[in-house]
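> Take a look at this one; I'll ask things after.
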Ligand code: FPP
């Protein structure tokens with residue numbers, strides 16, 4: 001079986017999972033964290049090198065304050081609880097997105113965990129937080145225009161390789177496989193530049209129900225596909 005080097009996941013359906021059971025949405029997110037842990041462990045097992053998870057979009061700031069608070073608390077607990085897993089398995093954590101919007105406490109926790117795991121790379125775990133792909137691209141365009149304005153760069157030097165260096169994902173290769181749970185056929189402002197040639201796999205399962213066998217199925221489907229990169 002051909003294993004993708006980089007898997008990106010739009011973790012969707014926590015709310016619906018909870019609603020179906022008459023539970024508050026946050027319980028769906030809580031169960032979703034169990035899936036995150038399971039999938040991180042599976043990626044280590046399957047020797048996936050990069051895993052990028054869409055945990056909180058720029059649009060998600062419009063959700064009720066209580067839900068936002070709950071989500072960040074879950075993330076903080078996840079980082080506390082899994083630091084041992086990161087050390088034991090060489091997992092490097094990186095957060096991608098607009099950090100300025102995160103509160104100081106969570107920013108500090110993120111910075112600590114990133115610094116603590118910076119020497120690893122068996123699995124590179126990217127978590128997208130306050131992330132929006134259009135904003136990421138605009139941000140890159142702004143930084144590049146500044147370089148041109150300062151005379152440090154000629155417009156002709158801006159090619160795909162250079163442009164990619166200005167994205168939050170500058171240290172990761174493009175995803176080979178993009179997975180979305182809960183059946184939605186949308187990209188939702190996630191890695192628009194980076195998924196140009198990714199294989200897309202959509203499952204109807206809600207994220208809290210998505211576990212190792214489901215990941216295995218997605219990888220199996222991926223390994224059957226013939227990637228031509230437009231050729
Ligand atoms: C989508 O479900 C999920 C999210 C917006 C949050 C994903 C977050 C987690 C799984 C937990 C924290 C993350 C980490 C990395 C520890 P939804 O609420 O949009 O579901 P719905 O579409 O059914 O309402």
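The values are calculated or read from the model by the stated rules, or taken from the named source; none is laboratory data. These figures come from a predicted structure and were not determined experimentally. Backbone-built Cβ (ideal geometry, glycine too); neighbour counts: all protein chains shown.
> Condition first: touching a strand residue (DSSP E or B) at 6+ places or on another chain (Cβ under 7 Å), surrounded by fewer than 19 Cβ atoms within 10 Å (Cβ to Cβ), at pLDDT 95 or above and not in a loop (DSSP other than H, G, I, E, B). Can you find one or more residues in the stretch 218-227 that meet it?
Yes, the stretch 218-227 contains a residue that is touching a strand residue (DSSP E or B) at 6+ places or on another chain (Cβ under 7 Å), surrounded by fewer than 19 Cβ atoms within 10 Å (Cβ to Cβ), at pLDDT 95 or above and not in a loop (DSSP other than H, G, I, E, B).
> Against the definition (within 20 Å of residue 169 (Cβ to Cβ), buried (at least 17 other Cβ atoms within 10 Å of the Cβ) and in contact with a helix residue (DSSP H, G or I) (Cβ under 8 Å, 6 or more places away or on another chain)), how does residue 106 come out, yes or no? First the steps, then the outcome.
Numbers: within 20 Å of residue 169 (Cβ to Cβ): no; buried (at least 17 other Cβ atoms within 10 Å of the Cβ): yes; in contact with a helix residue (DSSP H, G or I) (Cβ under 8 Å, 6 or more places away or on another chain): yes.
The answer is no for residue 106.
> With 30, 37 as the choices, which residue is in contact (Cβ under 8 Å) with a residue 24 or more places away in the chain, more than 14 Å from the chain's Cα centre (by Cα) and assigned to a helix (DSSP H, G or I)? So that I can check it myself, show each step before the final result.
Working: 37 fails: more than 14 Å from the chain's Cα centre (by Cα).
The unique qualifying residue is 30.
> Scan the stretch 13-22 and tell me whether some residue there is touching a strand residue (DSSP E or B) at 6+ places or on another chain (Cβ under 6 Å), within 29 Å of residue 139 (Cβ to Cβ), modelled with pLDDT of 95 or more and within 14 Å of the ligand (Cβ to nearest atom).
Quick first cut of the stretch 13-22, residues touching a strand residue (DSSP E or B) at 6+ places or on another chain (Cβ under 6 Å) only: none.
Looking for residues that are touching a strand residue (DSSP E or B) at 6+ places or on another chain (Cβ under 6 Å), within 29 Å of residue 139 (Cβ to Cβ), modelled with pLDDT of 95 or more and within 14 Å of the ligand (Cβ to nearest atom), one finds none in the stretch 13-22, hence no.
> Here are some residues: 83, 127, 95. Which one is within 12 Å of the ligand (Cβ to nearest atom), surrounded by 13 or more Cβ atoms within 10 Å (Cβ to Cβ), without any contact (Cβ under 8 Å) to a residue 60 or more places away in the chain and closer than 26 Å to residue 14 by Cα? It would help to see each step written out before you state the result.
Numbers: 83 fails: within 12 Å of the ligand (Cβ to nearest atom); 127 fails: without any contact (Cβ under 8 Å) to a residue 60 or more places away in the chain.
Unique residue meeting the criteria: 95.
> Suppose the filter is surrounded by 15 or more Cβ atoms within 10 Å (Cβ to Cβ), near the ligand (Cβ under 7 Å from one of its atoms), under 24 Å from residue 175 (Cα atoms) and touching a residue at least 60 places away in the same chain (Cβ under 8 Å); does residue 42 pass it?
no
> Mind telling me which of the residues 68, 9 ends up being buried (at least 22 other Cβ atoms within 10 Å of the Cβ), at pLDDT 95 or above and either more than 26 Å from residue 204 (Cβ to Cβ) or within 13 Å of the ligand (Cβ to nearest atom) (or both)? Before you say what the answer is, go through the steps one by one.
Working: 68 fails: buried (at least 22 other Cβ atoms within 10 Å of the Cβ).
Within the list 68, 9, the selection yields 9.
> Which is in contact (Cβ under 8 Å) with a residue 60 or more places away in the chain and part of a helix (DSSP H, G or I), of 76, 59? I'd like the intermediate steps shown before the answer.
Values: 76 fails: in contact (Cβ under 8 Å) with a residue 60 or more places away in the chain.
Matching residue, one of 76, 59: 59.
> Follow-up question, since we're still on this one. Is there a residue being under 15 Å from residue 57 (Cα atoms) and surrounded by 13 or more Cβ atoms within 10 Å (Cβ to Cβ) anywhere in the stretch 170-180?
So the first thing to find is which residues in the stretch 170-180 are under 15 Å from residue 57 (Cα atoms), and the list is 180.
From what's left, surrounded by 13 or more Cβ atoms within 10 Å (Cβ to Cβ): 180.
The answer is yes, given that some residue of the stretch 170-180 is under 15 Å from residue 57 (Cα atoms) and surrounded by 13 or more Cβ atoms within 10 Å (Cβ to Cβ).
> Additional query: Restricting the search to the stretch 83-105, which residues are under 17 Å from the mean Cα position of the chain (by Cα), assigned to a helix (DSSP H, G or I) and more than 21 Å from residue 5 (Cβ to Cβ)?
First, the residues of the stretch 83-105 that are under 17 Å from the mean Cα position of the chain (by Cα): 86, 91-99, 102.
The next check asks that each one be assigned to a helix (DSSP H, G or I); those that pass are 86, 99.
Passing the criteria: only 99.
> So, in the stretch 157-194, of the ones that are assigned to a loop (DSSP other than H, G, I, E, B) and closer than 20 Å to residue 217 by Cα, which residue ends up nearest to the chain's Cα centre (by Cα)? First the steps, then the outcome.
First pass over the stretch 157-194, keeping only residues assigned to a loop (DSSP other than H, G, I, E, B): 158-159, 166-176, 181-194.
Filter once more, keeping what is closer than 20 Å to residue 217 by Cα: 175-176, 181-185.
Details: 175: 10, 176: 13, 181: 13, 182: 17, 183: 18, 184: 17, 185: 17 Å.
Across the stretch 157-194, the extreme among qualifying residues is 175.
> Is it the case, given these coordinates, that residue 62 is more than 9 Å from the ligand (Cβ to nearest atom) and surrounded by 21 or more Cβ atoms within 10 Å (Cβ to Cβ)? Talk me through it step by step, then tell me what you get.
Working: more than 9 Å from the ligand (Cβ to nearest atom): yes; surrounded by 21 or more Cβ atoms within 10 Å (Cβ to Cβ): no.
Criteria not met by residue 62.
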